[in-house]
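See below for the structure under consideration.
The values are calculated or read from the model by the stated rules, or taken from the named source; none is laboratory data. Keep in mind that what you see is a predicted model, and the values were worked out from it rather than measured. As a convention, Cβ positions derive from the backbone with ideal geometry for all residues, glycine included, and neighbour counts pool all protein chains shown.
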């Protein structure tokens, strides 16, 4: 993860940088907003920006929007007037962090914004066989398509492939095609020239050039507009790109890893995805099995997350009781590893006396997967109801399960964040009570 710190942060910039470094981040610093913008335009890039509250946060965010630079901004400072922090959030900052910086809070913010874990926790034979395959193909230059349900760990696998490749000393740049609005995605990918559009005040380097010599991860590739798919195809075939508004081809040397939670062949048949691009990306296919298909991974992953969130929240390690273990291993885990991680995180906060009890696994049903699928009462609750009513209950129930986190909810539901956002606005317009924090963005 790359962190850009803007300003002196009341003299706490060094502390913030040290915290970021201990979390495995690469840190850069700029003293002014303009200096930071120059850094971002030049291709140095950042996954998160921390800006001193005393600087013009609104100006930074407005400039980022005008120049189509997509990066989350976190305001930091000593808010003598509470309105200052509120103004920063209203201007578009994702979070406000008070100074001096708290290591756990900074870590939580980093974790929410970007994950760069490359360790693969596994014990199930299916994963051992898969990793044998991955270790064979990782050193090659072939493009890789990683498929699997939402939450199975496709980005972690992509990072693992990069670390095992000959490009591991070069950048690993990731871009979530579903998280960036369509009108920003082209500039985010290919960059732009000065004057290419309103607000393009300087040349800006895109993700392709940032990743030059290394690996570019295109997460949820099926969310890319067909027009951009054609431009991506040319970049792969000819190893050149054109910045938006540019007329001089720029040579690139990257390996592409793409991910999708959809059936790409079905998307091709429905004319939603280019067939020629599919074959260019799918040189090697790595399909990640769902968590229910590799049940022996549930316990080691749970232990990993217990350790992770014990350290993050300064809590002692917790032991899973037999009843909790039974509940974890019998659940179907529709949201896969991501849902398991969220469940363990909540359980760590709820548990007492050094143990995680079955009741601490908030949101999981008391019955097993088999009991749920064979229980006639489940079907009876659906009979007589419209599809839209069931869909609404599922979406809002999942959102509640994820404590209002839209990204996690969308992943569990298997839909894009854009689709979820539209559904929530539709429900809100109909007068249905939606948590206010779930409607932001």
Fill in the blank from the handout: Within the stretch 208-222, residues surrounded by fewer than 23 Cβ atoms within 10 Å (Cβ to Cβ) and touching a helix residue (DSSP H, G or I) at 6+ places or on another chain (Cβ under 8 Å) come out as 214, 219, 222
Exercise for the section: Please state which one of 256, 180, 252 is more than 14 Å from residue 68 (Cβ to Cβ), surrounded by 15 or more Cβ atoms within 10 Å (Cβ to Cβ) and in contact with a helix residue (DSSP H, G or I) (Cβ under 6 Å, 6 or more places away or on another chain). Expected result: 252
Practice task
Considering only the stretch 1-96, give the helices (runs of 4 or more DSSP H) lying wholly within it that have at least 2 residues that are touching a strand residue (DSSP E or B) at 6+ places or on another chain (Cβ under 8 Å) and in contact (Cβ under 8 Å) with a residue 60 or more places away in the chain.
Solution key: 13-22, 33-41
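Here's the yes/no breakdown for (1) in contact with a strand residue (DSSP E or B) (Cβ under 8 Å, 6 or more places away or on another chain); (2) free of Cβ contacts under 8 Å to residues at least 60 places away in the same chain; (3) buried (at least 19 other Cβ atoms within 10 Å of the Cβ):
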position	(1), (2), (3)
125	no, no, no
128	no, yes, no
133	yes, no, no
139	no, yes, no
147	yes, no, no
Problem - Those helices (runs of 4 or more DSSP H) lying entirely in the stretch 249-331 with at least 2 residues under 24 Å from the mean Cα position of the chain (by Cα) - result: 264-269, 275-281, 298-312
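Does residue 329 count as over 21 Å from residue 414 (Cβ atoms) and either in the same structural domain as residue 415 (by TED's automatic domain parsing) or surrounded by 15 or more Cβ atoms within 10 Å (Cβ to Cβ) (or both)?
So residue 329 passes the test.
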Handout entry: Positions within the stretch 2-41 being buried (at least 19 other Cβ atoms within 10 Å of the Cβ) and at positive phi, in sequence order
Key = 7, 9
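On the given criteria, is residue 64 within 30 Å of residue 287 (Cβ to Cβ), modelled with pLDDT of 75 or more and surrounded by 15 or more Cβ atoms within 10 Å (Cβ to Cβ)?
Criteria not met by residue 64.
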